[in-house]
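The values are calculated or read from the model by the stated rules, or taken from the named source; none is laboratory data. Small disclaimer: the values here were computed from a predicted structure and weren't measured. Positions of Cβ are backbone-derived with ideal geometry, glycine not excepted, and every protein chain shown enters the neighbour counts. Heads up: the accessible areas ignore ligands, DNA and RNA and are worked out on the full protein's heavy atoms, side chains in. Shrake-Rupley method; radii C 1.70, N 1.55, O 1.52, S 1.80 Å.
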Amino acid sequence: MGRGSPGAPRPAAVQGTGGSSAVSKCSAAARGYIQDRFLRLLVGRRRRRRAPLVHRGYYIRARAVDHCVQDFLLKTQSHPRTQILSLGAGFDSLYFRLKDMGLLHHTVVYEVDFPNVACQKATLIKRMKELSALVGDTGGEGLGVITFSGEDYKLLGVDLSELSELERALEEAGLDNEIPTLFIAEVVLTYMENSRSDALIQWAAEHFSQACFLLYEQMHPEDPFGRVMQQHFSQLNSALHSLAQYPDCEAQQRRFFEKGWTECSVMDMNEFFTCCTPEDEQQRVQALEPFDEYEEWHLKCSHYFVLTASNGMEPSWTPLLSNMTVPRRDGPVRMAGSITAAVCAVHSEISGLRRYGHYSVLIKPNVILTTGGFGDEDGQHCRMRNFHVLIKHAGYWKAGCVKKENPAKRWEERLYHTVSCLSNSLALVVGGRTSPSSAGLGMLWLKFPETCNASDPGDITVELVSLQPAAEPAALRWRHTTTEVIFQGEKYLFLYGGRSATEPVLGDWYFLHTQELSCTVIPVEGPVPESRHSHSACSWKGGVLIAGGLGAAEQPLGSVFFLRELEHGFQWQTVETQPPLIPRYSHTAHVHDGKLLLVGGVWFHSSSVPGVTVIDLMTGLCLDYMINVEHLEWPLMLHNHSSVLLPNEKELLLIGGGGNCFSFGTHLNPEPVSLSLSNILTSN
């Protein structure tokens, strides 16, 4: 990963990213995500077990590179000679995998990185018989910038940002500018100043008669995930220089056209996984290990892209177009207006509202109870043990911990559960989990005093009461919804969807009688919705509205259904929206005065972040409103959050949200945020 110039990141810092990348790839290989027996030899004692989210991230990166490289070798197999130039190769194993697969009969691989990185890798190759045997007899030690030389493998130690030095070294190593050449740059050029990386891209287009370029990098720096991503690399002293000038796929495509390339295709990694990865391979990867970080996985994939460009190739080289079977869902979002986000002034010194995967519910007027999730408790990130309340008194919110009686075993520190308030003194907790590999948790009662001081959080106590396991099988799930419905004058809780330790997505439902808490069979007719989790559900006209969610293929859903009451049961009906709802999940929802409000979430559409979508349930009109966050000093992540609608004030309170942002650290929204909905709820 050779970079170096005044004002550029320290070489040691940039090289550190390469070492970390190799360790992560090795961990992914050990878990079966990628087939690569050479990584462990190149990583050595630095091996570490990474999280499933990191495994998926490096899987899709490796998959994209291999897809394009093998397509290049296939399309050029009739040529007598071809070559691959890997820029900033680090401890990558590409050459050894290709050689082992018998794909380098007429191809020479050149690798370039900082001199000390190249020397370390050369030493490793010489020491490891399995590696040196593949390269073959080198004919002596490497000389000068050529630290290792074999018949079809050349390892060069040179700074990429010094283009004249690079050109001279490659010429000395035998690079031929008249034969088909594939340039590979995996998260390399972005560490260089733009003038230098642009010069390299232009040089490759102008000096090689048949050239292909493969680029894998970050994008979308200004949305919440992008800001956390940038902060991470800045803290590593490895700033991402290309993001400001080339922030998205379209800008990167223009960059290559302007630098002399005649063909250029680009897609983000969500699109690559959907369009260029066979369905059986998608299913294989999704089943490799317990996983429940969908939001961060899809956000990570929307912030990385793969680009292929070509010049002088006949026929043109377009590996990103060959397998596309799913249409792109991007394009500008029609914003109807904006809603201003304001930090909610909360009088408290506790940090317990910094969390995700929790649940918040209005248990009394102006009293909000928040339970569970993962967050910041006593200065540590952990599954939350304490309950917290927000109480509005004299126009101000106060926050505090709730006193629990005998809580430890009953609560079990659950995430992704639901809480349904059945009376002024009783709420029902349904489901949730501790870890993605654990069985779902059952139900329990939360009992609190009917009368309490509504101005002091410290006066509210909650008693946890375990339930008899009558309806337990229905509750052993998470990322589900529990919604009140009415049938023949009786109240029921409609428990729908979610996932479990054995089923990654559920499409079943149960009716729980609110008094007996037993499952009741009630007939349901009409087309059954696709199985889903992380959807939203709202009570409306005695029935329930289901919107969005994540389906069995881990694809966001854009459907809205209404389960409406009939004389003898219920019926599923599709709610048509105009324009069609952009597929999303991990959002929250509320109904007010015949309008369905969808708040935040994750979608694959990469040109904007979900704000508040308002669906008129009478006309089907669907309007998107951007959330104006200019008054917030921190990135507002609107997934894995909770929200409470205060109908009288036409105010929406957003509590918590965030997650583990790939390998960039955990981001938790630090304060509750208030959205005033007066304009959008009164407009026609």
By residue number, the members of segment 515-531 that are touching a residue at least 40 places away in the same chain (Cβ under 8 Å) and touching a Gly at 6+ places or on another chain (Cβ under 8 Å) are Ile522, Pro523, Val524, Glu525, Val528, Pro529
Quick one: which of Asn640, Asn669 is over 22 Å from Gly549 (Cα atoms), touching a residue at least 24 places away in the same chain (Cβ under 8 Å) and among the polar types (S, T, N, Q)? Asn669
Are any residues in segment 525-554 more than 23 Å from the chain's Cα centre (by Cα), more than 16 Å from Tyr510 (Cβ to Cβ) and buried (at least 17 other Cβ atoms within 10 Å of the Cβ), and if so, which ones? Cys538, Trp540, Leu545
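Could you tell me which of the residues Asn660, Asn669, Asn628, Asn648 is in contact with a Leu (Cβ under 8 Å, 6 or more places away or on another chain), among the polar types (S, T, N, Q) and open to solvent by 20 Å² or more (accessible area, probe 1.4 Å)?
On the way: Asn669 fails: open to solvent by 20 Å² or more (accessible area, probe 1.4 Å); Asn628 fails: in contact with a Leu (Cβ under 8 Å, 6 or more places away or on another chain); Asn648 fails: in contact with a Leu (Cβ under 8 Å, 6 or more places away or on another chain).
Asn660 is the lone residue from the list that is in contact with a Leu (Cβ under 8 Å, 6 or more places away or on another chain), among the polar types (S, T, N, Q) and open to solvent by 20 Å² or more (accessible area, probe 1.4 Å).
State whether one or more residues within segment 75-85 are at pLDDT 90 or above, part of a helix (DSSP H, G or I) and more than 24 Å from Arg127 (Cβ to Cβ).
The answer is yes, given that some residue of segment 75-85 is at pLDDT 90 or above, part of a helix (DSSP H, G or I) and more than 24 Å from Arg127 (Cβ to Cβ).
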Do we find that Glu279 is open to solvent by 40 Å² or more (accessible area, probe 1.4 Å) and more than 19 Å from Leu299 (Cα to Cα) in this structure? yes
Qualifying residue in segment 87-107 (condition: in a strand (DSSP E or B) and either over 17 Å from Cys212 (Cβ atoms) or of a type in the set (Gly, Ala, Ser) (or both)): no
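Determine which member of the set Leu160, Leu155, Leu236, Leu243 is under 30 Å from Asn660 (Cα atoms) and buried (at least 19 other Cβ atoms within 10 Å of the Cβ).
Leu243
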Residue selected from segment 426-447 under the condition at pLDDT 85 or above and part of a loop (DSSP other than H, G, I, E, B), by the criterion farthest from Leu362 (Cα to Cα): Ser437
So for segment 179-186 (the condition being over 30 Å from Gln245 (Cβ atoms) and not polar (S, T, N, Q)), does at least one residue qualify? yes
Members of segment 108-138 found to be at pLDDT below 90 and either β-branched (Val, Ile, Thr) or within 35 Å of the chain's Cα centre (by Cα) (or both), listed by number: Thr138
Single residue of segment 46-70 satisfying the filter (β-branched (Val, Ile, Thr) and under 13 Å from the mean Cα position of the chain (by Cα)) that is nearest to Leu320 (Cα to Cα): Ile60
Do you know which residues across segment 203-240 are more than 30 Å from Asn628 (Cβ to Cβ) and in contact with a helix residue (DSSP H, G or I) (Cβ under 9 Å, 6 or more places away or on another chain)? Trp203, Ala205, His207, Ala211, Cys212, Phe213, Leu214, Leu215, Tyr216, Leu236, Asn237, Ser238
Sort out which residues of segment 562-589 are open to solvent by less than 30 Å² (accessible area, probe 1.4 Å) and under 21 Å from Ser643 (Cα atoms), and write them in order of number. Leu581, Pro583, Arg584, Tyr585, Ser586, His587, Thr588, Ala589
Within segment 163-202, residues being touching a helix residue (DSSP H, G or I) at 6+ places or on another chain (Cβ under 6 Å) and open to solvent by 10 Å² or more (accessible area, probe 1.4 Å) number 4
Considering only segment 537-656, give the strands (runs of 3 or more DSSP E) lying wholly within it that have at least 1 residues that are under 30 Å from Phe305 (Cα atoms). 543-547, 588-592, 595-599, 612-616, 622-628
If you go through segment 342-368, how many residues are within 30 Å of the chain's Cα centre (by Cα), open to solvent by 50 Å² or more (accessible area, probe 1.4 Å) and modelled with pLDDT of 80 or more? 4
Is one or more of the residues making up segment 318-341 modelled with pLDDT of 80 or more, more than 30 Å from Asn648 (Cβ to Cβ) and touching a helix residue (DSSP H, G or I) at 6+ places or on another chain (Cβ under 7 Å)? yes
Could you go through segment 127-134 and let me know if any residue there is under 30 Å from Asp248 (Cα atoms), touching a Leu at 6+ places or on another chain (Cβ under 9 Å) and open to solvent by less than 50 Å² (accessible area, probe 1.4 Å). no
